[in-house]
Amino acid sequence: MDDVSSALGGLFASAFISATLAPGGSEAVLAYLATQAAYSDTLLLGVATTGNTLGAVTTWLMGYAAALGWLRRHAPPKQATLARMERYGTPLLLLSWLPVVGDGFCLAAGWARLPFLPCLAAMAAGKAARYAAVLWLID
């Protein structure tokens, strides 16, 4: 595997992990790679957004599976998060990029069984905007 593939694979993995319930720092990886002359901002934005969105989809699926009873051991999302999701719905997922609470929003959206495609669109839009802001700030 060449250096470009390794770097982009690392960004994808960091972004994916950062969007699940595990902590991560994909913004730092993105910022570092953006300072290297080898990568276009468009490519980096696409890789980071795709990885982060797929991580959020994983969290959404965990909530959905738990709501259907597919997981033997699960705890419902915090009542406040679930109440917000039920009140504001899919548009709340535009904030899925926020640390800690964003993961909860994705889990609660799956738990509430909100429609997948609108959830996917909102998660991707919010995450792309966040990464675009990081790229804009370092340029």
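Read the figures in this text as sums done on the coordinates, not as results from a lab. Just so you know, these numbers come straight off a predicted model, no measurement behind them. Don't worry about glycine lacking a Cβ; one is built from the backbone with ideal geometry, like all the others, and counts go over all protein chains shown.
Fewest-first ordering of M85, M62 by other beta carbons within 10 Å of each residue's beta carbon gives M62, M85.
For the stretch 45-60, backbone phi angles converted through the Karplus equation (6.51, -1.76, 1.60; θ = phi - 60°) give residue-by-residue couplings of 4, x, 5, 5, 5, 5, x, 5, 5, 5, x, 5, 4, 4, 5, 4 Hz, Gly and Pro being listed as x.
The H on the amide N of G24, modeled in the peptide plane, is under 5 Å from the matching H of no residue at least 5 residues off or on a different chain.
Placing unit charges on the Cβ atoms only, positive for Lys and Arg and negative for Asp and Glu, gives the stretch 3-138 a dipole magnitude near 580 debye about its Cα centre. Principal-axis analysis of the Cα atoms of the chain puts helix 3-18 at an angle of about 20° to the longest axis.
Highest average first, the peptides 37-45, 24-32 ordered by how many other beta carbon atoms sit within 10 Å of their residues are 24-32, 37-45. Among D103, D139, a tally of other beta-carbon atoms within 10 Å of each Cβ gives an order, fewest to most, of D139, D103.
Applying the Karplus relation 6.51 cos²θ - 1.76 cosθ + 1.60 with θ = phi - 60° to the stretch 83-92 yields 3J(HN,Hα) values of 5, 5, 5, 5, 6, 9, x, 4, x, 4 Hz, where x marks Gly and Pro. By other beta-carbon atoms within 10 Å, ranking C119, C106 with the fewest at the front produces C119, C106. Comparing L107, L135, A22 along the charge dipole axis of the stretch 3-138, the residue lying farthest to the positive side is L107, per the Cβ-charge model.
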